[in-house]
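Chemist: Below: one structure in structure tokens.
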Amino acid sequence: MTTAIADVQALEARHVLQTYRRAPVTFVRGNGVRLYDAEGREYLDLLSGIGVASLGHAHPGLARALAEQSQTLIHTSNLFYHPLQGQLAERLADLSGLPRAYFCHSGSEAVEACLKFARRYWFTRGEPRIEFIALEESFHGRTFGSLSVTSDEHYRAPFPPLLAGVRFVPPNDPAALHAAVSTSTAAVIVEPIQGEGGVRPLTPAYAAAIMEACGRTGALLVADEVQSGLGRTGYPFYAAAIGLKPHLVSVGKALGGGVPIGAALIGDEVAHTISFGDHGSTYGGNLLACRAALCVLDELVGGGLLAHIGRLGRRIEQRLRAMSAVHPIIKEVRGAGLIWGLELTRDASPVVPAALARGVVVNRTAETVVRLLPPLVITMDEIDEGLSRLDAALEAVESDGGSTV
């Protein structure tokens with residue numbers, strides 16, 4: 001490790017709050033799907049900043065749009081109009097079928113907004129409901145509301161009391177869902193693919209059970225598409241692909257291509273119950289963030305990325321299933337499009353440094369799952385190259401008994 005890199009890590013250790021356990025790599029630049037560290041080493045990025053760098057790194061169109069906007073106007077606050085929020089909201093409405101958008105900075109804040117709007121809906125109707133039904137293995141964020149509907153005790157344990165009236169049911173268990181959802185339920189909140197929970201897709205049969213339960217009780221449906229939405233699966237939103245028709249959708253991560261922006265997408269039935277002042281965000285939907293998001297959507301729709309992702313998803317699945325046939329450590333392959341999880345027979349932690357040592361970036365989630373979220377612009381050749389490196393990392397972990405890189 002050079003002195004300069006050691007200085008970066010030492011400075012963080014002294015002054016940055018230690019809420020993240022970082023890998024000992026300092027990235028300094030990127031180009032497309034490739035990252036480069038401070039010592040000049042190259043890595044294929046199969047994680048894209050946990051699904052954020054949707055257009056890869058240093059995308060020319062995004063860089064140009066941000067430079068132009070920053071030289072014109074960045075922020076005015078939501079006390080005034082600007083020309084980009086309405087354009088972005090219209091584009092998101094066209095993709096989602098939900099006609100209104102509320103803009104914020106992150107997926108967690110988008111979930112928080114959805115929870116507030118669900119409560120407000122029932123308050124406006126004069127029949128307050130406070131109960132939320134969420135799924136086991138869920139992750140919706142770390143703010144108090146989003147944390148309250150996140151099931152993992154690792155995240156929840158230090159912070160009670162959280163929101164009252166939250167119940168968790170097993171995913172893909174229609175009977176348990178049917179028993180839990182009632183006329184006291186304000187909303188059911190689900191991830192169409194549980195990302196942090198181990199890349200676990202909900203089944204169409206379970207989606208049908210959710211729709212039945214919400215229809216029977218009047219409960220609203222919130223689809224958390226922060227990780228699965230905006231083309232990640234080859235569909236604009238994965239909820240529609242499995243038959244869900246949500247009243248509210250939370251988005252973030254990929255929307256800004258790296259610029260912080262989130263949004264709650266809202267159907268008219270709920271939107272008509274919201275009043276001025278019910279929620280707000282000083283930075284939400286500023287010109288720079290909206291310009292970035294419009295660039296991402298231009299590439300996603302006009303640039304043909306959706307069809308591209310569908311083709312790539314089939315290639316990734318083929319390669320991953322071939323890897324599972326030769327690696328006893330792989331228990332199951334799950335995912336769609338460009339979101340995949342390899343569930344292992346043991347803790348997946350050793351795979352991450354083994355992959356880094358071979359020049360590929362992945363991460364571990366749900367203890368035993370290796371997660372892949374490559375940039376949406378990745379090519380077929382880059383997939384093959386990255387998965388070959390990951391294959392070598394898995395082989396090394398198997399050979400070493402999971403203890404070394």
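The values are calculated or read from the model by the stated rules, or taken from the named source; none is laboratory data. Keep in mind it's a predicted model, so treat the numbers as computed, not measured. So basically every Cβ, Gly included, is an ideal-geometry build from the backbone, and we count neighbours across all protein chains shown. Remember, those area values only see protein heavy atoms, side chains included, never the ligands or the DNA or RNA. Shrake-Rupley method; radii C 1.70, N 1.55, O 1.52, S 1.80 Å.
Chemist: Quickly run through segment 176-186 and pick out the residues that are open to solvent by less than 60 Å² (accessible area, probe 1.4 Å) and either farther than 23 Å from Ala110 by Cβ or assigned to a loop (DSSP other than H, G, I, E, B) (or both). Write out each step before concluding.
Modeler: Going through segment 176-186, the residues open to solvent by less than 60 Å² (accessible area, probe 1.4 Å) turn out to be 176-177, 180-182, 185-186.
Ala176, Leu177, Ala180, Val181, Ser182, listed by residue number.
Chemist: Can you tell me which of (1) at pLDDT below 95; (2) in contact with a helix residue (DSSP H, G or I) (Cβ under 6 Å, 6 or more places away or on another chain); (3) of a type in the set (A, V, I, L, M) is the one Val333 doesn't meet?
Modeler: Only one criterion in (1) at pLDDT below 95; (2) in contact with a helix residue (DSSP H, G or I) (Cβ under 6 Å, 6 or more places away or on another chain); (3) of a type in the set (A, V, I, L, M) is unmet by Val333, namely (1).
Chemist: Condition first: among the charged types (D, E, K, R) and over 22 Å from the mean Cα position of the chain (by Cα). Can you find one or more residues in segment 77-96 that meet it?
Modeler: Here is the first cut: in segment 77-96, the residues among the charged types (D, E, K, R) are 90-91, 94.
From what is left, the residues that are over 22 Å from the mean Cα position of the chain (by Cα) are none.
No, segment 77-96 has no match at all.
Chemist: Something else: So in segment 136-169, with the set limited to residues that are surrounded by fewer than 17 Cβ atoms within 10 Å (Cβ to Cβ) and touching a Leu at 6+ places or on another chain (Cβ under 7 Å), which one is nearest to His105 (Cα to Cα)?
Modeler: Phe144
Let's see how each residue does on (1) under 18 Å from Asn286 (Cβ atoms); (2) surrounded by fewer than 15 Cβ atoms within 10 Å (Cβ to Cβ); (3) of a type in the set (A, V, I, L, M, F, W, C):
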position: His57; (1), (2), (3): no, no, no
position: Leu73; (1), (2), (3): yes, yes, yes
position: Leu79; (1), (2), (3): yes, yes, yes
position: Leu88; (1), (2), (3): yes, no, yes
position: Pro99; (1), (2), (3): no, no, no
position: Cys104; (1), (2), (3): yes, no, yes
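Chemist: Can you pull out the residues in segment 212-236 that are in contact with a Ser or Thr (Cβ under 6 Å, 6 or more places away or on another chain), within 24 Å of Cys290 (Cα to Cα) and not β-branched (Val, Ile, Thr)?
Modeler: First, the residues of segment 212-236 that are in contact with a Ser or Thr (Cβ under 6 Å, 6 or more places away or on another chain): 217, 219, 224, 226.
Restricting the remaining residues to those that are within 24 Å of Cys290 (Cα to Cα) gives 224, 226.
Of everything in segment 212-236, just one residue is in contact with a Ser or Thr (Cβ under 6 Å, 6 or more places away or on another chain), within 24 Å of Cys290 (Cα to Cα) and not β-branched (Val, Ile, Thr), namely Asp224.
Chemist: Let me ask you something else. With respect to the numbered conditions (1) open to solvent by less than 30 Å² (accessible area, probe 1.4 Å); (2) of a type in the set (A, V, I, L, M, F, W, C); (3) modelled with pLDDT under 95, which one is the sole condition not fulfilled by Ile189?
Modeler: All conditions are met except number (3).
Chemist: Right, next: Quick one: Arg14 ticks every box in (1) touching a Leu at 6+ places or on another chain (Cβ under 8 Å); (2) among the basic types (Lys, Arg); (3) more than 26 Å from Val222 (Cβ to Cβ) bar one, so which box is it?
Modeler: Answer for Arg14: the failing condition is (1).
Chemist: Residue by residue through segment 46-81, note down the ones that are in a helix (DSSP H, G or I) and of a type in the set (A, V, I, L, M, F, W, C).
Modeler: Our first condition is that a residue be in a helix (DSSP H, G or I); within segment 46-81, this holds for 48-51, 60-70.
If the condition is that a residue be in a helix (DSSP H, G or I) and of a type in the set (A, V, I, L, M, F, W, C), then Ile50, Leu62, Ala63, Ala65, Leu66, Ala67 are the ones that fit.
Chemist: State the number of residues belonging to segment 386-405 that are open to solvent by less than 60 Å² (accessible area, probe 1.4 Å) and either part of a loop (DSSP other than H, G, I, E, B) or touching a residue at least 40 places away in the same chain (Cβ under 8 Å) (or both).
Modeler: Total satisfying the criteria: 12.
Chemist: Which condition does Ser399 not pass, out of (1) modelled with pLDDT under 95; (2) under 24 Å from Arg21 (Cβ atoms); (3) not acidic (Asp, Glu), if it passes all the others?
Modeler: The failed condition is (2).
Chemist: Looking only at segment 345-365, filter to residues that are open to solvent by less than 30 Å² (accessible area, probe 1.4 Å) and in a loop (DSSP other than H, G, I, E, B); which one of those is nearest to Ser399 (Cα to Cα)?
Modeler: That would be Pro350.
Chemist: I've got another one for you. Condition first: open to solvent by 10 Å² or more (accessible area, probe 1.4 Å) and either of a type in the set (Val, Ile, Thr) or within 30 Å of His154 (Cα to Cα) (or both). Now tell me which residues in segment 366-384 satisfy that.
Modeler: Across segment 366-384, the qualifying residues are Ala366, Glu367, Thr368, Val377, Thr379.
Chemist: Ala65 is checked against (1) within 25 Å of Val270 (Cβ to Cβ); (2) surrounded by 19 or more Cβ atoms within 10 Å (Cβ to Cβ); (3) among the small types (Gly, Ala, Ser) and fails just one. What number does that condition carry?
Modeler: That leaves (1) as the condition not met.
Chemist: Let me ask something else. Name the single residue that is farthest from Ala357 (Cα to Cα) among those in segment 1-27 being among the polar types (S, T, N, Q) and open to solvent by less than 70 Å² (accessible area, probe 1.4 Å). Give the steps one after another, and end with the answer.
Modeler: First, the residues of segment 1-27 that are among the polar types (S, T, N, Q): 2-3, 9, 18-19, 26.
Restricting the remaining residues to those that are open to solvent by less than 70 Å² (accessible area, probe 1.4 Å) gives 2, 9, 26.
Details: Thr2: 17, Gln9: 19, Thr26: 14 Å.
By that ranking, first place goes to Gln9.
Chemist: Can you confirm whether Glu109 is closer than 23 Å to Leu373 by Cβ, in contact with a Gly (Cβ under 6 Å, 6 or more places away or on another chain) and in contact (Cβ under 8 Å) with a residue 40 or more places away in the chain?
Modeler: On the way: closer than 23 Å to Leu373 by Cβ: yes; in contact with a Gly (Cβ under 6 Å, 6 or more places away or on another chain): yes; in contact (Cβ under 8 Å) with a residue 40 or more places away in the chain: yes.
So Glu109 fits the description; yes.
Chemist: Let me ask something else. So, in segment 324-350, exactly how many residues are in contact with a Leu (Cβ under 7 Å, 6 or more places away or on another chain) and in contact (Cβ under 8 Å) with a residue 60 or more places away in the chain? Reasoning before the result, please.
Modeler: The first filter runs over segment 324-350 and keeps only residues in contact with a Leu (Cβ under 7 Å, 6 or more places away or on another chain), leaving 327, 329-331, 333, 338-340, 342.
From what is left, the residues that are in contact (Cβ under 8 Å) with a residue 60 or more places away in the chain are 327, 329-330, 338-340.
The qualifying residues number 6.
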